[in-house]
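Read through the structure below, which is laid out as structure tokens, and then see the notes.
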């Protein structure tokens, strides 16, 4: 994979651990700040001991939830987890670790795509600027109308409508389902067509319940 040297680390970072990307889980891609990354992946942070082993070794497992990169677990065979967390946090903040994970992924993906060193550098710089904390979405009436429009269009086309909303807004299925429910409550989307979801016809809505 692409190597990140000290000159590529943003100002203010201290970096003494090597990184290698572990094969991402086959769970598809998710968007983090507009950058597509594996929905779940692991990164190995380590420091060699000089005799073929590790003086420090930790596996950081990340996952994307609601457009935000989250650290879901830490594993280590060299240190207790509490000590690993202290060591890592002394190096840099957890947000900085997340950002460096994105930079590592971006470099690796650019290299796999056959990118030039300049391409890899641009990918790293773009990932460096990516927000690692999600800005909470404020659901306006206009946005709920858009939710209803996307849902209705997918339903009429024979697609899975809630998944269509999730894909359109880059959200999880559970968040999309909640937004669809809010669109129904506000009257922008009709009642569900029995247990199949979708939207009942006007005649069915006037003559019966969901």
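The values are calculated or read from the model by the stated rules, or taken from the named source; none is laboratory data. Note that the structure is predicted; figures quoted are calculated from it, not measured. Because the Cβ atoms are built from the backbone with ideal geometry, glycine has one as well, and the counts that use them run over all protein chains shown.
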Note on residue 133: of the conditions (1) in a loop (DSSP other than H, G, I, E, B); (2) crowded, with 16+ Cβ neighbours inside 10 Å; (3) in contact with a strand residue (DSSP E or B) (Cβ under 7 Å, 6 or more places away or on another chain), unmet is (2)
Per the list (1) without any contact (Cβ under 8 Å) to a residue 60 or more places away in the chain; (2) on the phi > 0 side of the Ramachandran plot, residue check on residue 49 breaks on (2)
Note on residue 14: of the conditions (1) more than 24 Å from residue 117 (Cβ to Cβ); (2) modelled with pLDDT of 75 or more, unmet is (2)
Scanning region 128-149 for residues that are at pLDDT 90 or above and in contact with a helix residue (DSSP H, G or I) (Cβ under 6 Å, 6 or more places away or on another chain) gives 144, 147, 148
Within region 63-78, the residues that are surrounded by 15 or more Cβ atoms within 10 Å (Cβ to Cβ) and touching a helix residue (DSSP H, G or I) at 6+ places or on another chain (Cβ under 7 Å) are 69, 71, 74, 76
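From the list 125, 152, exactly one residue is surrounded by 16 or more Cβ atoms within 10 Å (Cβ to Cβ), at pLDDT 85 or above, out of contact with any helix residue (DSSP H, G or I) (no Cβ under 6 Å at 6 or more places or on another chain) and outside any loop (DSSP other than H, G, I, E, B). Which is it? Before you say what the answer is, go through the steps one by one.
Numbers: 125 fails: surrounded by 16 or more Cβ atoms within 10 Å (Cβ to Cβ).
Selected residue: 152, the only one of 125, 152 that is surrounded by 16 or more Cβ atoms within 10 Å (Cβ to Cβ), at pLDDT 85 or above, out of contact with any helix residue (DSSP H, G or I) (no Cβ under 6 Å at 6 or more places or on another chain) and outside any loop (DSSP other than H, G, I, E, B).
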Matching residues in region 69-80 (closer than 29 Å to residue 31 by Cα and either part of a helix (DSSP H, G or I) or out of contact with any strand residue (DSSP E or B) (no Cβ under 7 Å at 6 or more places or on another chain) (or both)) number 0
Residue hits (region 79-106; without any contact (Cβ under 8 Å) to a residue 12 or more places away in the chain and surrounded by 15 or more Cβ atoms within 10 Å (Cβ to Cβ)) are 85
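Only residues that are surrounded by 20 or more Cβ atoms within 10 Å (Cβ to Cβ) and either outside any strand (DSSP E or B) or within 19 Å of the chain's Cα centre (by Cα) (or both): list them for region 44-62, please.
Residues of region 44-62 surrounded by 20 or more Cβ atoms within 10 Å (Cβ to Cβ): 45, 58, 60, 62.
Selection gives 60, 62.
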